[in-house]
Amino acid sequence: MPTPLSELGEFSLINRLTSEYKAQNESTIKGIGDDAAVLKNNADQVRLVTTDMLLEGVHFDLVYTPLKHLGYKAIVVNLSDIFAMNGRPEAVTVSLGISSKFSVEQIEELYSGIYAALEHYGVDLVGGDTCASQNGLVISVTCLGSAAKDEVVYRHGAQENDLICCSGNLGAAYMGLMLLEREKRIFLADPTPYFSPKFEEREYIIERQLRPEARGDIIEIMRNTGIHPTSMMDISDGLSSELHHICDNSQVGAVVYAERIPIDSETFAMAEELSIDPFTAALDGGEDYELLFTVPLKYYSAVEGIKGISIIGHITDKENGVKLILPNGSEQDISSGGWEAQKAL
Ligand code: ADP
Ligand code: MG
């Protein structure tokens, strides 16, 4: 009997396809299993490589996604994985599958967003591929970066008693998506050219969904402050899923305090309006592209003093599992079910 893909899910499928695989070249320092692959470059530096694909109908909906924003986001999601290794992004290739419903001007619009992101982050476009697609738009970006050899931060270095930190705030991109989907449903129920979606006082969460940024600024601040994380990854699938990745890879457990998870007031307001638990949005919502990292306890005051970084918990013994402490003091398991895995497969 053939096994349905839904039986495995995204991460189990990748694991099944690659767990027996061994890289053949000694230049491959870290292959599959982190935010980016790490390859030998020269005596001092390593090369970082990451790739991400965005598919129409799976990752974006052109009913409410401006093509310029989409181009910007396609670059940002890749740069985020290079920053998550504590690296510097340098160059990208952009490959497109384009269906005949698009005009030349629309693809130029997509590229205006790509160029805007490249300029903002100081990264070069160095190639790609262009093909016809039968089913909508496909954007596949590969990003190359570099890092000093001893600077690279993996998912596997978290140690017991380390502080768990994250940048920015969480759940905003997910609540932005929920609002966009709601307005789309309202529009489709009664399509009129005069339709005006209700986005007042929700601009921030919509921007977080449609045009995210990658946190190179946080990487730079930590470098300048002399803070070296023991482990790090970006939060693309949701905090709960990423915490499990760090804990599994580092062979540790974690305790996170719900009231310490940074959540923006617009996220709270939107969650309340849609009767969604804001903590669930922050834990399981995806696409915030913030950084999740661990630092030794000695950096407590240094990290606490940095605007835009929150200390949300600490690393424990593996036996403890991955736990959330609720505001009333009760404890519950954090499940690994992030949003992307459920959505993609
Ligand atoms: P991220 O969310 O950081 O982009 P993913 O969860 O997509 O990372 O992927 C996890 C790891 O599995 C990465 O190292 C990635 O390169 C690798 N990977 C994903 N899909 C495949 C595949 N089809 N073949 C080989 N490696 C893969
Ligand atoms: Mg990542």
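The values are calculated or read from the model by the stated rules, or taken from the named source; none is laboratory data. These numbers come from a predicted model, not from an experiment. Don't worry about glycine lacking a Cβ; one is built from the backbone with ideal geometry, like all the others, and counts go over all protein chains shown. We work out accessible area using only protein heavy atoms, side chains counted, and drop any ligands, DNA or RNA first. Shrake-Rupley method; radii C 1.70, N 1.55, O 1.52, S 1.80 Å.
So how much slack lies between Q332 and V104, counting 0.36 nm per residue of separation and subtracting their Cα-Cα distance, in nm?
Length gained, Q332 through V104: 76.9 nm.
For the chain, what is the accessible area per residue in Å² when the probe is 1.4 Å?
48 Å²
Go through I221, I306 and list them by solvent-accessible area, largest first, probe radius 1.4 Å.
From most accessible down to least: I221, I306.
Using alpha-carbon pairs under 8 Å, 6+ residues apart, how would you state the relative contact order of the chain in percent?
21 percent
Using a 1.4 Å probe, how large is the accessible area of E207, given in Å² and rounded to the nearest 10?
Approximately 100 Å² of E207 is accessible to the 1.4 Å probe.
Once you've got the GNM for the chain with C-alpha springs shorter than 10 Å, pick whichever of A43, A172, A158 has the biggest mean-square fluctuation.
Fluctuation is largest for A43.
Report, in debye and to the nearest 20, how large the dipole of the chain comes out about its Cα centre when Lys and Arg carry +1 and Asp and Glu carry -1 on their Cβ.
520 debye
With unit charges on the beta carbon (Lys/Arg positive, Asp/Glu negative), name the residue among N42, P66, A23 whose Cα is farthest towards the positive pole of the charge dipole of the stretch 1-86.
N42
With an 8 Å Cα cut-off and a minimum separation of 6 or more residues, compute the relative contact order for the stretch 169-235 in percent.
It comes to 43 percent, rounded to a whole number.
Could you check which residue among V49, V63, V77 shows the biggest mean-square fluctuation in a GNM of the chain with a 10 Å Cα cutoff?
Answer for the Gaussian network model of the chain: V63.
Ignoring ligands and nucleic acids, what accessible area does Y257 show with a 1.4 Å probe (Å², nearest 10)?
Surface accessible to solvent at Y257 totals approximately 80 Å².
Whole Å is fine, so just give me how far the alpha carbon centre of the stretch 121-154 lies from that of the stretch 39-60.
With the stretch 121-154 and the stretch 39-60 each reduced to a Cα centre, they are spaced 6 Å.
Label-point separation (nm) for Q24 and T51, each offset 7 Å from Cα along Cα-to-Cβ?
Between Q24 and T51, the label points sit 1.8 nm apart.
Which order do E105, E183 take by accessible area at a 1.4 Å probe, largest first?
Per-residue accessible area, sorted high to low, gives E105, E183.
Read phi for every residue in the stretch 248-262 and hand back ³J(HN,Hα) as whole Hz from Karplus 6.51 cos²θ - 1.76 cosθ + 1.60, θ = phi - 60°, with x for Gly and Pro.
Computed from phi, the couplings for the stretch 248-262 are 4, 5, 9, 6, 9, x, 8, 10, 10, 9, 3, 6, 8, 6, x Hz.
Put +1 on the Cβ of every Lys and Arg and -1 on every Asp and Glu Cβ in the stretch 117-216; which of G216, A189, T142 then has its Cα farthest towards the positive end of the dipole?
Of G216, A189, T142, it is A189.
On the accessible surface of the chain, probed at 1.4 Å, how many percent belong to carbon and sulfur atoms?
Of all accessible area on the chain, carbon and sulfur atoms account for 50 percent.
With unit charges on the beta carbons (Lys and Arg positive, Asp and Glu negative) and the dipole taken about the Cα centre of the stretch 206-345, which residue among V256, S301, Y289 sits farthest to the positive side?
S301
Could you order peptides 117-130, 263-276 by the average number of other Cβ atoms within 10 Å of their residues, highest first?
Packing order, densest peptide first, comes out as 263-276, 117-130.
For the chain, set up a Gaussian network in which alpha carbons nearer than 10 Å are linked by springs, and say which option among N320, N86, N169 fluctuates the most.
Its mean-square fluctuation being the largest, the pick is N320.
If ligands, DNA and RNA are left out, what is the accessible area of T28 with a 1.4 Å probe, given in Å² to the nearest 10?
40 Å²
Once you sort the root eigenvalues of the Cα gyration tensor of the stretch 269-326 as a ≥ b ≥ c, which label holds: rounded (a/c under 1.5), prolate (a/b larger than b/c) or oblate (the other case)?
oblate
Looking at the stretch 222-274, I'd like the Rg to Rh ratio, where Rg is from alpha-carbon atoms and Rh is Kirkwood's inverse mean 1/r.
1.07
Report the local net charge at L67: Lys and Arg +1, Asp and Glu -1, summed over other residues whose C-beta lies under 13 Å from its C-beta.
My count for the surroundings of L67 gives -1.
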